[in-house]
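The values are calculated or read from the model by the stated rules, or taken from the named source; none is laboratory data. Everything numeric in this text was worked out from a predicted model, so none of it was measured. Quick reminder, even Gly has a Cβ in these numbers, built from the backbone with ideal geometry, and neighbours come from all protein chains shown.
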Amino acid sequence: MELNRITPDPSALKALSHPVRLRILGLLRAEGPSTATALAQRLGMNSGATSYHLRQLHQHGFVAEDTERGNARDRWWRAAHQATQTAAEDSPESREAIDAFQQAVAIVHTEALQRAVEEAPTRPARWRRASTLSDWELRLTPERSEQLMRTLTDLVSSWQEDEPGADGAANFALQLHTFPRPGELAPEERS
């Protein structure tokens, strides 16, 4: 199944570069349409703050009003796309927006990973066996590193999901982080 993706411009990417907005967008993508009030309860926030972040996401095309649900007092929101990707870093403004976005993604991913570790002892054994916190270090050129990243991304993107009613099926999170080991590159190699 091909994902419906958005490649935001630097201005929209900067607007998305807020951990709360990433959490809201993630919930709408994973769990489907919701109201600002329900999202606020889910995130431990007040509905005014959630409404503000939803308006910002809507202004930049990340979410849309779900007109098939609710009424004037009860606005429902849905994710406008299934995935967000960044464009090439062809300007200082693009690099700055991508850096800010990646900082926010790192925060949200770290929080999700921490919650998963905290919940692990209560998971059934078959889900504990299906989960891992693994890392590898390979000595690769930038070109071969990019090839590995594309191969892994293609594999995950093509993986067939189980049917919604499949026995024991659950949403399964997979986070892919690829980077040169911090401190490995000399400053002149970083540009």
Residue in the range 61-77 that is free of Cβ contacts under 8 Å to residues at least 60 places away in the same chain, aromatic (Phe, Trp, Tyr) and part of a loop (DSSP other than H, G, I, E, B) present: yes
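If I ask for residues that are among the aliphatic types (A, V, I, L, M), out of contact with any Leu (no Cβ under 8 Å at 6 or more places or on another chain) and in a loop (DSSP other than H, G, I, E, B), which ones from the range 135-178 would you list? Show your work before the answer.
If we filter the range 135-178 for residues that are among the aliphatic types (A, V, I, L, M), which is where we start, we get 138, 140, 148-149, 152, 155-156, 166, 169-170, 173-174, 176.
Filter once more, so that each one left must be out of contact with any Leu (no Cβ under 8 Å at 6 or more places or on another chain): 155, 166, 169-170, 173-174.
Correct list: ALA166, ALA169, ALA170, ALA173, LEU174.
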Flag if ARG144 is farther than 19 Å from ALA170 by Cα, at pLDDT below 95 and over 17 Å from the mean Cα position of the chain (by Cα): no
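Restrict the check to the range 131-144 and report whether at least one residue is touching a residue at least 24 places away in the same chain (Cβ under 8 Å) and small (Gly, Ala, Ser). Step through it out loud before you land on a result.
Step one: of the range 131-144, the residues touching a residue at least 24 places away in the same chain (Cβ under 8 Å) are 137.
Still in the running and small (Gly, Ala, Ser): none.
No, every residue in the range 131-144 fails to be touching a residue at least 24 places away in the same chain (Cβ under 8 Å) and small (Gly, Ala, Ser).
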Residue in the range 94-114 that is surrounded by fewer than 10 Cβ atoms within 10 Å (Cβ to Cβ) and on the phi < 0 side of the Ramachandran plot present: no
Selection from the range 24-49 of residues that are part of a helix (DSSP H, G or I), over 20 Å from HIS109 (Cα atoms) and in contact (Cβ under 8 Å) with a residue 12 or more places away in the chain: ALA36, THR37, ALA49
Any hit, the range 82-93, residues being in contact with a helix residue (DSSP H, G or I) (Cβ under 9 Å, 6 or more places away or on another chain), under 30 Å from ALA38 (Cα atoms) and not in a loop (DSSP other than H, G, I, E, B): yes
Qualifying positions in the range 78-105 - in contact (Cβ under 8 Å) with a residue 12 or more places away in the chain and among the aliphatic types (A, V, I, L, M): ALA79, ALA80, ALA83, ALA87, ALA97, ILE98, ALA100, ALA104, VAL105
